[in-house]
Ligand code: ATP
Ligand code: MG
């Protein structure tokens, strides 16, 4: 859509690790000889026993993926201990509380003691290498300590987002069979209390296998206490020694299980292992965010999502970075909060999601301009396609036109960023995730699996492995094979549609399941949605297909208007005409429903499969809705659905 190209800023290229020529040379080397490339870059982490094997991958048959598989390391030691000599007193985590008056700096040395104590406490509770530990915590430093304490002793963590309900927690505890849960009395978000312990108590009635619950005292609110099962975090840690030798782990020993966000169906228990994951997250964090010593880096994701795992905790800490962890929400106490935090902590790199950008854009420029944002150097986006309109606003208003934007495409399954600009190397196109990272071999295939050689649109696959790739679906390897390796033989299927343009840039067009076919023309949802969002009165939009007698499928658009705009028949016509002009008559919506809100996962992604059911008049059968953020939104949409002709 937007064919605007923003050149690399010379002052950025001058300081960056990689410029355009170096990107081309390194990328080519990584594709020509992946074993040599990764043999070299695997050395960026500390190995207790160095690897002699680099890659052992088969995408066919039973599918196996192994990297650095005779190497031995400890992930927590890489994220903490190895930094102590040089940067023990440097801030590892800046924690910004929900309350703007509350924040603290935690040094690498302090983090070492905290993690060791908890690791010893877990051992005392009988946790051993390979055991699963469920972490159900708010955005407090203890969440990072808990992940690292597991890594230190070789336990496998499963972090469950603190906003999930008791039932979602039950499913995730049962699926991985954990016998210990780490939670808090209550969380704090936007001035409101989240009853984590009460949720855990409700869940654990259905989880007889859980014998121990460790409780962080966050608010001091009144909670129920089960004697013999519940333990205070601060008490078990106080009783534990402040030194715990890291467990030597094979590169392929599991590090964590994490469930996908569920925007396309029942969440999958994605398993990541130790060596390759750490190498890949550390390397992408350094190059994509052009991270230099002394930078203050902020990723706004929750640690309950893969973005929080890879780019709040593991990648940054492996690099000895200063990473900011935010307990609150973007619009509390007011919608200037993000920008206030940036000024307060002199944040250089800011990484967030399109859903947050669109929500803040709705509020206009004034809340952004209340802060100077003078420290900002680089912006990032992840989670959904970013509409060009939102991209340009982010660039112009938040970044004052001087900060490159890295639009990073990846998945829980990929462990780290796969398609992305490098800020010193890649000319930017608003709305495109641009080019593959080192070692990544994307291909665009048609419905029959034939690879497109020229520019064109199709399904996005990856024809070779990378070290951060998931290894299996926990406890269900067959589901792993069926989901990712059976659609296109010998390739990893991403489930996403995409267009590759004349410059080889990738544009994610949305989920393949969401592709609309109007009179034989296949269309991604992203393009139509972006056209709608480009209209000055539209804040957000989601587009799905519905059965149409003449066209096969018609276009059904859900539209959220900007604050203060009233819906009208006239505006409906205006929007149809607008899309017609922007894309063409074929893309003109047949039906537009005004949506005060859209159904989203708790990580902020639009759940089109639910919108499709409503449009198809099949709302009796919405599928798995356990990860839905606000079920009331769906009720409103169902009762106001448009009658189809
Ligand atoms: P499930 O697999 O259970 O349906 P999910 O796919 O929403 O859940 P994630 O792994 O969190 O869970 O999301 C990955 C997906 O998010 C990608 O497949 C893609 O559709 C979308 N995505 C992430 N980043 C981008 C981006 N920069 N541009 C476009 N799409 C993106
Ligand atoms: Mg997915």
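The values are calculated or read from the model by the stated rules, or taken from the named source; none is laboratory data. Computed from a predicted model, the values in this text were never measured in an experiment. Note that each Cβ is placed from the backbone with ideal geometry, even for glycine, and that neighbours are counted across all protein chains shown.
Structure above, values below:
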{"item": "All helices (runs of 4 or more DSSP H) inside the stretch 20-126 with 1 or more residues being within 30 Å of residue 231 (Cβ to Cβ)", "result": "75-79, 84-87, 108-124"}
{"item": "Members of the stretch 268-289 that are more than 15 Å from ligand 1 (Cβ to nearest atom) and surrounded by fewer than 24 Cβ atoms within 10 Å (Cβ to Cβ)", "result": "286, 287"}
{"item": "Scope the stretch 465-508; condition under 19 Å from residue 433 (Cβ atoms), away from ligand 2 (no atom under 16 Å from the Cβ) and touching a helix residue (DSSP H, G or I) at 6+ places or on another chain (Cβ under 7 Å); matching residues", "result": "466"}
{"item": "Meets criteria (over 30 Å from residue 478 (Cα atoms), within 16 Å of ligand 2 (Cβ to nearest atom) and either surrounded by 24 or more Cβ atoms within 10 Å (Cβ to Cβ) or modelled with pLDDT of 95 or more (or both)) for residue 240", "result": "no"}
{"item": "Any hit, the stretch 89-96, residues being over 15 Å from residue 279 (Cα atoms), surrounded by 14 or more Cβ atoms within 10 Å (Cβ to Cβ) and without any contact (Cβ under 8 Å) to a residue 40 or more places away in the chain", "result": "no"}
{"item": "Single residue of 443, 425, 447, 454 found to be more than 16 Å from ligand 2 (Cβ to nearest atom) and not in a loop (DSSP other than H, G, I, E, B)", "result": "443"}
{"item": "All positions within the stretch 403-422 that are part of a loop (DSSP other than H, G, I, E, B) and away from ligand 2 (no atom under 16 Å from the Cβ)", "result": "403, 404, 420, 421, 422"}
{"item": "Any hit, the stretch 594-617, residues being at pLDDT below 90, in contact with a helix residue (DSSP H, G or I) (Cβ under 7 Å, 6 or more places away or on another chain), at negative phi and surrounded by fewer than 15 Cβ atoms within 10 Å (Cβ to Cβ)", "result": "no"}
{"item": "Wholly within the stretch 466-548, strands (runs of 3 or more DSSP E) carrying at least 3 residues that are under 23 Å from the mean Cα position of the chain (by Cα) and within 16 Å of ligand 1 (Cβ to nearest atom)", "result": "492-500, 506-511, 538-548"}
{"item": "Condition check for residue 191: at positive phi and more than 16 Å from ligand 2 (Cβ to nearest atom)", "result": "yes"}
{"item": "Residue within the stretch 550-561 that is part of a loop (DSSP other than H, G, I, E, B) and either in the same structural domain as residue 618 (by the TED database) or buried (at least 21 other Cβ atoms within 10 Å of the Cβ) (or both) present", "result": "yes"}
{"item": "Answer from 279, 270 - the residue that is assigned to a strand (DSSP E or B) and touching a helix residue (DSSP H, G or I) at 6+ places or on another chain (Cβ under 6 Å)", "result": "270"}
{"item": "Residues satisfying the stated conditions in the stretch 223-266, i.e. away from ligand 1 (no atom under 16 Å from the Cβ), under 19 Å from residue 203 (Cβ atoms) and in a loop (DSSP other than H, G, I, E, B)", "result": "223, 224, 225, 226, 227, 228, 229"}
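Table: residues versus (1) within 16 Å of ligand 1 (Cβ to nearest atom); (2) outside any loop (DSSP other than H, G, I, E, B); (3) within 21 Å of the chain's Cα centre (by Cα); (4) surrounded by fewer than 23 Cβ atoms within 10 Å (Cβ to Cβ).
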{"residue": "324", "(1), (2), (3), (4)": "no, yes, yes, no"}
{"residue": "329", "(1), (2), (3), (4)": "no, no, yes, yes"}
{"residue": "332", "(1), (2), (3), (4)": "no, no, no, yes"}
{"residue": "343", "(1), (2), (3), (4)": "no, yes, no, yes"}
{"residue": "364", "(1), (2), (3), (4)": "no, no, no, yes"}
{"residue": "380", "(1), (2), (3), (4)": "yes, yes, yes, no"}
{"residue": "386", "(1), (2), (3), (4)": "yes, no, yes, no"}
{"residue": "397", "(1), (2), (3), (4)": "no, yes, no, yes"}
